[in-house]
Amino acid sequence: MKCPFCAHLGDKVVDSRESKEGEVIRRRRECLDCGRRFTSYERIDEIPYMVIKKDGTRERFERQKLVAGLLKACEKRPVSIAAIESVADKIEARLQDRPEKEMGTEEVGAIVMEELKRLDKVAYVRFASVYRSFRDVGEFMSELKDLLSAKD
């Protein structure tokens, strides 16, 4: 940190305090050259994760939307809120582990389906029916047959 008074690069931290919200850290510093004190503020610079919609528009990733979709798929199923939160955590972690900060809705949907398939087969079929927007009953039946023949 460069001293604002003498431009010396050496300093020591005299006091550190976190803001009430926990978003900012205030540090009281003392220049090792001129001895004057100054304050610095540190805050995390978050880069938002973006979802690329089917029409090409970009939208900020919202965990609430993900959880709402999972809740809808798992409605009236013996799936706990904790299990839904865990699935949302896994999906969010996969998004954050990527070097790119963008992901297409198709990819997000595929990950959701993969997780739902492990969690609850009925919730998986519900989500797939909306996500894949089957054109006819034959496509839907084909997906069900694949699900029933799979050995998980």
(request) Give the calculated FRET efficiency between SER19 and GLU114 to the nearest 0.05, with a Förster radius of 35 Å applied to their Cβ-Cβ distance. (result) 0.35
(message) Quick check on the chain: helices-only [θ] at 222 nm, where DSSP H runs of length 4 and up contribute -39,500 (n - 2.57) each and the sum goes over total residues. Nearest 500, please.
(response) -14000 deg cm²/dmol
(message) Let me understand the chain better: what is its radius of gyration from the alpha carbons, and its Dmax, in angstrom?
(response) 24.5, 80
(message) What is the distance in Å between the Cα centroid of region 9-52 and that of region 95-128?
(response) 38 Å
(message) Residue by residue through region 112-124, what is 3J(HN,Hα) from phi via Karplus (6.51 cos²θ - 1.76 cosθ + 1.60, θ = phi - 60°)? Round to whole Hz and write x for glycine and proline.
(response) 4, 4, 4, 5, 5, 4, 6, 7, 7, 5, 5, 4, 4
(request) Sum up the charges of everything whose Cβ sits under 15 Å from the Cβ of VAL79, counting Lys and Arg as +1 and Asp and Glu as -1, but leave VAL79 out. (result) +3
(request) Would you please give the residues with an amide H less than 5 Å from that of GLU102, counting only those at least 5 places away or on a separate chain, with H modeled from the backbone geometry? (result) MET50
(message) Quick query: amide H of VAL24 versus all other amide H atoms, modeled in the peptide plane; which residues come in under 5 Å with a sequence gap of 5 or more or a different chain?
(response) SER19
(request) Identify which of ASP55, ASP33, ASP120 has the largest mean-square fluctuation in a Gaussian network model of the chain, with springs joining Cα atoms closer than 10 Å. (result) ASP33
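Rule-based calculations on the coordinates, nothing more; no lab input. These figures come from a predicted structure and were not determined experimentally. Backbone-built Cβ (ideal geometry, glycine too); neighbour counts: all protein chains shown.
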